[in-house]
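The values are calculated or read from the model by the stated rules, or taken from the named source; none is laboratory data. What you see is a predicted model, and the numbers here were worked out from it, not measured in a lab. Side chains are part of the model used for accessible areas, which takes the heavy atoms of the whole protein and leaves out ligands, DNA and RNA. Shrake-Rupley method; radii C 1.70, N 1.55, O 1.52, S 1.80 Å.
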Amino acid sequence: MMSAANNLFQENYSVSRKDREELNAHASFTIWLTGFSGSGKSTIAAALDQWFYKRQIRSYITDGDNTRMHLNRDLDFSREGRKENIRRVAEVAKLFNDAGVVVISSFISPFEEDRKSAKAIVGAEHFVEIYIATPLETCIQRDAKGLYEKARKGEIKDLTGINSPYEVPSNPDIVVDTTIDSIEISLQIITDWLLENKLQAVTELKL
């Protein structure tokens with residue numbers, strides 16, 4: 001039986017990614033925030049989004065909870081469910097990047113294999129991995145969403161750090177720890193790196 005893929009053809013349009021980047025006056029890429037629940041990923045993502053907005057840099061946040069409530073609501077938290085979750089959001093990030101938009105992806109993404117897969121989908125040259133290295137003990141103490149307490153009571157299965165592992169990134173581009181670095185300092189560390197490595201074209205804007 002012939003695969004449906006045999007009847008699909010890649011469409012190439014006249015307006016390119018480079019054209020859109022030139023129109024926006026900045027490069028498009030994906031920032032991938034990884035770390036435990038409660039590590040500070042969402043707070044840093046929001047701060048980055050505001051930083052970009054104030055500098056007329058087009059950006060958009062894709063968040064673990066939000067995508068699982070809509071795009072990925074059919075997925076569970078099994079190993080295969082997590083793998084497919086990351087694959088889908090990486091494909092979405094790639095589309096946004098092609099549209100000239102900086103994507104801020106905030107996902108626990110506990111497995112090295114899945115993060116490498118996301119990097120391959122987006123493209124290594126367009127992928128910035130940021131490890132929010134806040135220790136698990138601190139995240140459990142914060143427990144802003146009450147997830148760790150529910151996991152300990154057996155109400156949640158496969159929660160990263162309690163009954164599912166987290167694999168520390170082997171070679172992240174940036175590392176911040178919100179027990180040491182405030183959100184303001186974390187933002188400064190990240191944006192200094194971005195200005196040097198990804199945003200050279202916007203240095204004429206009011207930074």
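A few comments on the model shown:
- Debye-formula intensities of the range 137-180, expressed as log10 I(q)/I(0) at q = 0.22, 0.28, 0.31, 0.32 Å⁻¹, are -0.85, -1.03, -1.11, -1.14 (one equal scatterer per alpha-carbon, no solvent).
- All C-alpha pair distances within the range 65-126, sorted into 10 Å bins from zero, spread as 22, 57, 21, 1 percent across the bins.
- When the Cα atoms of the range 58-101 are aligned to their principal axes, the ranges along those axes come out at 33, 16, 11 Å in descending order.
- Spherically averaged projected area of the convex hull of Cα atoms, the range 125-199: 6.2 nm².
- With contributions of -39500 (n - 2.57) from each DSSP H run of at least four residues, the per-residue ellipticity at 222 nm computed over the chain stands at -12500 deg cm²/dmol.
- Relative contact order (%) - criterion: Cα under 8 Å, at least six apart; region: the chain: 30
- Solvent exposure of the chain, expressed per residue, is 57 Å² of accessible area, with all protein chains present and a 1.4 angstrom probe.
- Principal axes of the chain: Cα extent on each, largest first, Å: 57, 55, 28
- Of every Cα-Cα pair in the range 45-165, the percent that sits beyond 25 Å: 28
- Kirkwood estimate for the range 29-85, i.e. one over the average of 1/r between Cα atoms, Å: 12.9
- Fraction of accessible area attributable to carbon and sulfur, the chain (%, probe 1.4 Å): 52
- Built from the Cα atoms of the range 1-97, the convex hull projects on average onto 9.0 nm², one quarter of its surface area.
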